[in-house]
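Input: a single structure, listed below in C-alpha cells.
Just so it is clear, none of the values below were taken in a lab; they were calculated from the coordinates. Everything numeric here is computed off the predicted structure, so don't read it as measured data. Cβ coordinates were reconstructed from backbone atoms using ideal geometry, including for glycine residues, and neighbour counts include every protein chain displayed.
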Amino acid sequence: MGNLQYFRSSFIVTGLGLAAAFYVGGPKAMFIAAILSVLEVSLSFDNAVVNATVLKDMDEKWRHRFITWGMLIAVFGMRVVFPVLIVAVIAKLSPWAALQLAVGDPDGYAATLTSAHVVVAGFGGAFLMMVFLQFFLDKEKDVHWVRLIEEPLSKLGKMEAVTIAICMIVIYVISTYLPQAKQMEFVLAAMAGLITYIIVDGFSALLESDEEANHNGTVARTGLSAFLYLEVLDASFSFDGVIGAFALSNNIFIIAIGLGVGAMFVRSLTLYFVAKGTLDQFRYLEHGAFYAIGALATIMFVGTVHHISEVITGLIGAAFIVLALYSSIRHNRRVAAAQ
C-alpha cells in the first residue's frame with residue numbers, strides 16, 4: 001500500500017469539509033476552516049504518536065472501530081456536542097437551547113464557553129499530566145532519551161502511587177494562583193480528570209488480568225479499554241483547541257469542520273505510524289511525544305492564570321517531536337556504523 005493510501009479518506013473529508021465551509025460562509029469561512037485544520041494537526045501530532053503506541057497492540061477489529069466510531073466521537077462528540085453541553089450546564093439551559101444559542105447568538109455562546117476555560121483546563125491538564133507521569137515514572141522503563149532526567153524519574157517510579165501524589169501537588173499549587181472564586185471549580189475539575197485517568201487505566205489492567213482465563217474474550221475487552229483510553233486522551237487534547245478556535249471564528253459549524261478535518265488527519269497519521277512501524281524505527285519519537293504531552297498539560301494549567309497562545313503550544317510540541325526524531329536518526333546511524 002502506498003503511503004498516500006493511508007490519507008485518502010482524510011483528503012476526501014478535507015474536500016467535503018472545505019466545500020461545506022464555503023457553502024456556510026463563503027471563501028473567508030473556507031480559509032478559516034483550513035487554518036483550524038492545520039492548527040489541529042500541529043497541536044495534536046504528538047497525540048498521533050501516543051495513539052500509535054496504544055493502537056499497535058490492538059487487533060484489526062478495534063483499529064477499524066477507532067477510525068470509524070472513534071472518528072464520529074472525536075468530530076461530533078468532542079468538537080460539537082461536548083462544547084454545547086458545557087454551555088448548557090454553565091448557562092443552565094437545555095442542550096437544545098444551548099445549540100440554538102450557538103446558532104442564533106454566536107458571540108454569547110463563545111463567551112459562555114470561554115468562561116469555562118478553568119474547568120476544561122483543570123480536567124484536561126490533570127488527565128494529560130497523569131499520562132506524562134505514568135510514562136516517565138515507570139520503574140521498568142529501560143530506554144532513556146534524556147538520561148539525566150529520565151533515569152531518576154524511572155527510579156522514583158518505584159514509590160507506590162507517586163504519580164498521583166505529584167499530580168495532586170501540582171493541582172494544589174496551581175489552585176493557589178487562581179482567584180478564590182475559581183479555586184474550588186478548578187480543583188474539582190482537575191480531580192475529576194485525575195479520577196478519570198485512574199478509572200480508565202485501572203479498567204484496562206482489570207481486563208488484561210483475565211487474559212489467561214479467557215484469551216479470546218480478553219482480546220476484545222482489552223481493545224475496548226484501549227479504545228476508551230484513546231477517546232479520553234483525544235478529548236483532553238481537543239479541549240484547548242475547541243476553546244482557542246473561537247479566536248478565529250465563533251461559528252460552531254466552521255469550528256467543527258476545521259477541527260474535524262484536522263482530527264481526521266491525526267487518525268490517518270496514527271494508522272500510518274502503526275502500519276510502517278515508525279515507533280520501532282525511531283527509538284526516541286515516543287519520548288518526544290510524551291514530553292510534548294507534559295508540556296501541554298503544564299500549559300493548560302498555567303493557562304488558567306495567564307493566557308498562552310495556541311501557536312506557542314503547537315511550536316513546543318513540534319520542537320519535542322523534531323528533536324526526538326533527530327536523536328533517533330543519530331542513534332540509528334551510530335548503531336549502523338558499529339555494525
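Given R₀ = 35 Å, FRET efficiency for ILE166-TYR23 by Cβ-Cβ distance, to 0.05? Result of the calculation: an efficiency of 0.10. The listed peptides 61-69, 326-334, ordered by packing as a protection proxy, come out as 61-69, 326-334 (highest mean of other Cβ atoms within 10 Å first). Straight-line cross-link partners of LYS56 among the lysines, defined as a Cα under 22 Å from its Cα and at least 8 positions apart when in the same chain: LYS141, LYS276. If you plug the beta carbon distance of ASP57 and ILE312 into 1/(1 + (r/R0)^6) with R0 = 45 Å, you get a FRET efficiency near 0.85. Across the chain, the mean sequence separation of Cα contacts (distance under 8 Å, 6 or more residues apart), normalised by length, yields a relative contact order of 36 percent. Our helix-only sum for the chain, with -39,500 (n - 2.57) per DSSP H run of n ≥ 4 divided by its residues, gives a mean residue ellipticity at 222 nm of -27500 deg cm²/dmol.
How high is the FRET efficiency between LEU228 and ASP142 when r is their beta carbon distance and R₀ equals 41 Å, given to the nearest 0.05?
The value I calculate is 0.90.
Projection of the Cα convex hull of the chain, averaged over all directions and equal to a quarter of that hull's surface, yields 19.2 nm².
Shape class for segment 281-339: prolate, because the ratio a/c of the largest to smallest gyration tensor axis (alpha-carbon atoms, square roots of eigenvalues) is 1.5 or more and a/b beats b/c.
Distance from the alpha carbon centroid of segment 162-198 to that of segment 1-68 works out to 32 angstrom.
Tell me, THR313, THR196 in order of fewest to most beta-carbon neighbours within 10 Å?
On the way: THR313 22, THR196 18.
Sorted ascending by nearby Cβ count, the order is THR196, THR313.
For segment 5-123, the Stokes-Einstein estimate of translational diffusion at 10 °C and a viscosity of 1.306 mPa s comes to 96 µm²/s, using the Kirkwood hydrodynamic radius over alpha-carbon pairs. Highest average first, the peptides 293-306, 120-133, 271-284 ordered by how many other beta carbon atoms sit within 10 Å of their residues are 120-133, 293-306, 271-284. Full extension of the chain between ASP105 and ARG333 yields a length gain of 76.3 nm, computed as 0.36 nm times the residue separation minus the alpha carbon distance.
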